[in-house]
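Chemist: My questions will all concern the structure given below.
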Amino acid sequence: MVNSRASRQPSRFVQWAERLGYLALPLAAIAVLLTRSGQVPPMTGVLVLASAALVSTLAVAIALVGAVDIWRNGRTGLAGLFRTGMVAALVLAFPAYLAIEAGRLPRMNDISTDIIDPPVFSRSGRALAARNGHVPTTIDPREREKQRSAYADLRTLVLEVEADEAFRLVKEAVTTLKWRIIEEAAPGGRSGQGRIEAVAETRIMRFQDDIVIRIRPSGAGTRIDMRSASRVGRHDFGANARRIRRLIEEIVAPKE
């Protein structure tokens, strides 16, 4: 028989779970705020955020033990279980989303509409300074084949306009998306190509990612290829593909 006095005692498992949950929440907030402000390197912010997720997961595990303790021994603590669950949901929602994306998308952090001959990032002094010396690595076309099935919609954009007009539309789209243009060249010269390089920031952590856009005359129209590469991590969780889609949508959107 369960002692009635003991049954009215709060579950220590729930108490510990709640404490850990309340520790994870500010830890996650600190990771985001410090990374967004640029006060810590991106990878440091990722590690702190991962630590917060780990603490929150541990809190959930202990809370489950607490639930068993409440059910079997008649302890109190249902409110604590609810609070722990709510806090854990806040902390783990974003990591859970990333885990799902990592499972369904290829492990890539560099996406291009042209996987055979992707646009090349500039190595000029100005571009390197804007990218803090970073240059996205060259990827073997065979490695890029992984994006075909995952991002089958990402293809060269062909516009039935002259290259100069296409360049104007692309630059206007980049400006609308509030990407920072670091280098540009209008179509012309020996190759006739135009190009725009820009830097974009992710919404939550404000990681800086790199974009290069190539504008090439082709018959009576213009071919536009885009490449977006992440600076942090080996998996972009679909971020670069979404960025290219937003750019394409903005370029082809009807203008008033």
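The values are calculated or read from the model by the stated rules, or taken from the named source; none is laboratory data. Keep in mind the model is a prediction, meaning the values are calculated, not measured. Here the Cβ positions follow ideal geometry from the backbone for every residue, glycine too, while neighbour counts run over all protein chains shown.
Chemist: Of the conditions (1) assigned to a loop (DSSP other than H, G, I, E, B); (2) in contact with a helix residue (DSSP H, G or I) (Cβ under 6 Å, 6 or more places away or on another chain), E250 satisfies every one except a single condition; which number is it?
Modeler: Condition not satisfied by E250: (1).
Chemist: Six or more apart or on different chains, Cβ under 8 Å: which pairs go from a residue in the range 189-213 that's of a type in the set (F, W, Y) to one that's assigned to a loop (DSSP other than H, G, I, E, B)? Could you list them?
Modeler: Matching pairs, first to second residue: F207/R231; F207/V232.
Chemist: Name the one entry in G77, G133, G125 that is closer than 23 Å to L23 by Cβ and not charged (D, E, K, R).
Modeler: G77
Chemist: Does T202 fit the bill of being hydroxyl-bearing (S, T, Y) and closer than 30 Å to A50 by Cβ?
Modeler: yes
Chemist: Conditions first: (1) part of a helix (DSSP H, G or I); (2) surrounded by fewer than 16 Cβ atoms within 10 Å (Cβ to Cβ); (3) hydrophobic (A, V, I, L, M, F, W, C). I116 passes all but one, so which condition is the exception?
Modeler: Failing condition for I116: (1).
Chemist: Shifting gears a bit: Consider only pairs whose beta carbons are under 9 Å apart and that are at least six residues apart or on different chains; among these, list those whose first residue lies in the range 149-162 and is closer than 19 Å to R246 by Cα and in contact (Cβ under 8 Å) with a residue 60 or more places away in the chain and whose second residue is exposed (fewer than 12 other Cβ atoms within 10 Å of the Cβ) and among the charged types (D, E, K, R).
Modeler: From the range 149-162, the pairs are A150/R104.
Chemist: Of the residues D153, D225, D210, D236, only one is surrounded by 20 or more Cβ atoms within 10 Å (Cβ to Cβ), at pLDDT below 95 and within 23 Å of the chain's Cα centre (by Cα); which?
Modeler: The conditions single out D236.
Chemist: Cβ contacts < 8 Å: first residue assigned to a loop (DSSP other than H, G, I, E, B), restricted to the range 1-30; second residue of a type in the set (V, I, T) and modelled with pLDDT under 95, any location; separation 6+ or different chain. Result?
Modeler: Pairs found: R8/T76; Q9/T76; S11/I70; S11/T76.
Chemist: Yes or no: E143 at pLDDT below 95 and not in a loop (DSSP other than H, G, I, E, B)?
Modeler: yes
Chemist: Now for a separate question. If you take the residues in the range 7-66 that are surrounded by fewer than 16 Cβ atoms within 10 Å (Cβ to Cβ) and basic (K, R), which one is farthest from R234 (Cα to Cα)?
Modeler: Only one residue fits best here, namely R8.
Yes or no, residue by residue, for (1) in a loop (DSSP other than H, G, I, E, B); (2) touching a Pro at 6+ places or on another chain (Cβ under 8 Å); (3) not hydroxyl-bearing (S, T, Y):
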residue: P136; (1), (2), (3): yes, no, yes
residue: D153; (1), (2), (3): yes, no, yes
residue: V161; (1), (2), (3): yes, no, yes
residue: G189; (1), (2), (3): yes, no, yes
residue: A198; (1), (2), (3): no, no, yes
residue: I204; (1), (2), (3): yes, no, yes
residue: I211; (1), (2), (3): no, no, yes
residue: I215; (1), (2), (3): no, yes, yes
